[in-house]
1. Please report the spacing between the Cα centers of the range 64-141 and the range 281-330 in Å, no decimals.
2. With each pseudo-label sitting 7 Å past Cα toward Cβ, what's the Ile293-Asp321 distance in nm, one decimal?
3. How large is Rg/Rh for the range 200-338, to two decimals, with Cα atoms and a Kirkwood Rh?
4. If you look for lysine pairs in the range 86-236 that are eight or more places apart or on different chains, how many of them have Cα atoms under 26 Å apart?
5. For the chain, which semi-axes, largest first and in whole Å, follow from the square roots of 5 times the eigenvalues of its Cα gyration tensor?
6. What's the carbon and sulfur percent of the chain's accessible surface, probe 1.4 angstrom, rounded to a whole number?
7. Once Rh for the range 56-148 is found with the Kirkwood sum over Cα pairs, what is the Stokes-Einstein diffusion coefficient at 25 °C and 0.890 mPa s, in µm²/s?
8. Output ³J(HN,Hα) for the range 26-42: one whole-Hz value per residue in order, computed from phi by the Karplus curve 6.51 cos²θ - 1.76 cosθ + 1.60 with θ = phi - 60°, and x for Gly and Pro.
Amino acid sequence: VFLTSVALAISAYKLGKQKVLVQELYCIETLARTDTLCLDKTGTLTTGRFEVTMVESTGIPASDLLSVLLSVERKSTHPVAQAVVRYAEKQDSVPMEITDMRELAGHGVEAIVNGRQVLVGNIRLLAERDIPVPKELSDSVSTVVVSTIDGKYAGHLLLSDTLKKDAVDAIRRLKDLDVKDIRLLSGDKQEIVNQFAERLGVDKAYGNLLPEDKAAYIERLTAETDKLVAFVGDGMNDAPVLALSDVGIAMGGLGSDAAIESADVVIQTDQPSKVAEAISIGRATRNIVRQNIVGSIGVKVIVLVAGAFGFATLWEAVFADVGVSLLAVLNSIRILKR
């Protein structure tokens, strides 16, 4: 136990220097054995800083639509909502009075704005309310925010997101570590998820997933005895999934407090490439733990046998106990040199 704990503690220190924090030491061993990795998209592999590329309104002026959207979205912490707010404020939009507001997880927001019922969210939200939207929006590879006023379609915004600088390199490094089963899970439309998966080199990509869909998916994966599943996410909606996975990894910079609390590992710099780094250090730690255990047992057995035949003195016995422990500590320090 001592030999294992020393190596894990030094490994945790090394990870901390790399801005990767582990909540418990056993998480390092779990990381080392990870063979299936599932990643959220927005805020994890992408910057999460959306930019509005198009505004189109129907029946009302675009300025009024932006005022409605600003009123509803300004209290949200979602990256898409924040992008809408930034854009509306640049257009000098003025927020309206809200008397009631309700968040619809995975869909959007319902509110009463200036006495009128307003829906703001994704296309799924309008589909569930049987409100038709222009067909071209369903085929768009951009992120779409749609809005209705009093049950009638009022317009939409198109937004775009960008990959983090090290996202492609992160996937490549994970494959180099023989983490072959890499999956992309997202609440975005399947077309958008496919586009990002192709750029990243990820073969398995699943879109249109609500938070409960992600949780159910991870639960099925972890139930398979031949898989050890890690999930990487950042949002509040990812908290249940991080808790359900064998090892949950949260982006600590942009990530929500709920996600960080639920995770086993926290990446402070929000760099996805740190996932591969953490797995690599975990595997090096596991190898050193094995060396320490095998070396310690081997030396003790040799000294015991030598003692039984009268060849071992007190000094050999001391070395088999204290000396071997010291050598194990020195061997564990090699982790810092990686």
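The values are calculated or read from the model by the stated rules, or taken from the named source; none is laboratory data. These numbers were taken from a predicted model, which means no experiment stands behind them. Note that each Cβ is placed from the backbone with ideal geometry, even for glycine, and that neighbours are counted across all protein chains shown. Note: accessible area is taken over every heavy atom of the protein model, side chains too, but ligands, DNA and RNA are not part of it. Shrake-Rupley method; radii C 1.70, N 1.55, O 1.52, S 1.80 Å.
1. Between the Cα centre of the range 64-141 and that of the range 281-330, the gap is 66 Å.
2. 2.3 nm
3. Answer for the range 200-338: 1.21.
4. 27
5. Details: eigenvalues 574, 60, 49 Å².
After diagonalising the Cα gyration tensor, the semi-axes are 54, 17, 16 Å.
6. On the way: 9090 of 16400 Å².
Answer for the chain is 55 percent, counting heavy atoms of protein chains only.
7. Approximately 182 µm²/s, per Stokes-Einstein.
8. 5, 4, 5, 5, 5, 4, 4, 9, 4, 10, 10, 10, 10, 10, 6, 9, 5
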